[in-house]
Amino acid sequence: MSLSSTAIEPLRFREALGHYASGITVITSQVEGEPVGFTCQSFYSVSMSPPLVSFSVKSSAYSYPKIRQAGRFVVNILSGEQVRISNQFARQGTDKWHGVEWQESPLGNPIIAGSLHWLDCEIHAEHVAGDHLIVIGEVKALSLQETAATQPLLYFKGQYCNLTAAGAEYA
């Protein structure tokens, strides 16, 4: 049997991808005064000039059509102390914004209090890719928090982890 004809089992594929550490973000927007958002670990930079970033979202996601309608979004890069926020925005069918402090970005998107950094974006392009959409945003504003002690929230092998523990292992 050739390698190209071998079917990849979805659970095995997911397990393999879980061995790639990723940062955790919450993608947020606001439509007609209603904040929307979801946890996203498939965020990455695309281009320096113009400044473009991207994330992937399941085609059937509840929040994304509202973000598309708004035409803009903020990428909230979560800090290591925001596990609760990550879990809260990963759930469907609950009030994701309960107990969450936020303020409006220059484009009118919700910036979650305590985020490590944020990027305020307008939707630049969208591409269908299997059961997901690849969304590209042009960064219009950003904020870099100058807190050296704050670590990003990372996800690896199905659980949250931190750089301090990882650094000790690989130093």
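The values are calculated or read from the model by the stated rules, or taken from the named source; none is laboratory data. Because the structure is predicted, anything quoted here is derived from the model rather than measured. A quick note on method: Cβ atoms are made from the backbone with ideal geometry, for glycine too, and the neighbour counts reach across all protein chains shown.
Residues in the stretch 91-120 that are outside any loop (DSSP other than H, G, I, E, B) and either touching a Cys at 6+ places or on another chain (Cβ under 9 Å) or within 15 Å of Val36 (Cα to Cα) (or both): 7 in all. Thr25 is checked against (1) surrounded by 22 or more Cβ atoms within 10 Å (Cβ to Cβ); (2) more than 16 Å from the chain's Cα centre (by Cα) and fails just one. What number does that condition carry? Thr25 satisfies every listed condition except (2). Residues that are over 17 Å from Val57 (Cα atoms) and among the acidic types (Asp, Glu) were ranked within the stretch 75-129; the one that is modelled with the lowest pLDDT is Asp95.
Those residues that are over 12 Å from the mean Cα position of the chain (by Cα) and hydroxyl-bearing (Ser, Thr, Tyr), I need them from the stretch 80-96; list them, please. Within the stretch 80-96, just Thr94 meets the criteria. The set of residues in the stretch 133-152 being surrounded by 12 or more Cβ atoms within 10 Å (Cβ to Cβ), at pLDDT below 95 and either among the hydroxyl-bearing types (Ser, Thr, Tyr) or closer than 20 Å to Ser59 by Cα (or both) consists of Ser143, Thr150.
Only one of Ser105, Ser60, Ser45, Ser49 is buried (at least 16 other Cβ atoms within 10 Å of the Cβ) and either of a type in the set (S, T, N, Q) or at positive phi (or both). Can you tell me which?
Working: Ser60 fails: buried (at least 16 other Cβ atoms within 10 Å of the Cβ); Ser45 fails: buried (at least 16 other Cβ atoms within 10 Å of the Cβ); Ser49 fails: buried (at least 16 other Cβ atoms within 10 Å of the Cβ).
Going through Ser105, Ser60, Ser45, Ser49 in turn, just one is buried (at least 16 other Cβ atoms within 10 Å of the Cβ) and either of a type in the set (S, T, N, Q) or at positive phi (or both): Ser105.
Considered as a group, the residues in the stretch 121-154 that are assigned to a loop (DSSP other than H, G, I, E, B) and among the acidic types (Asp, Glu) include one that is farthest from the chain's Cα centre (by Cα), and that residue is Glu146.
Quick one: would you say Asp120 is free of Cβ contacts under 8 Å to residues at least 24 places away in the same chain and of a type in the set (Asp, Glu)? It is false that Asp120 is free of Cβ contacts under 8 Å to residues at least 24 places away in the same chain and of a type in the set (Asp, Glu). Residues in the stretch 71-89 that are more than 25 Å from Pro51 (Cα to Cα), out of contact with any Pro (no Cβ under 9 Å at 6 or more places or on another chain) and surrounded by fewer than 22 Cβ atoms within 10 Å (Cβ to Cβ): Glu81, Val83, Arg84, Ser86, Asn87, Gln88.
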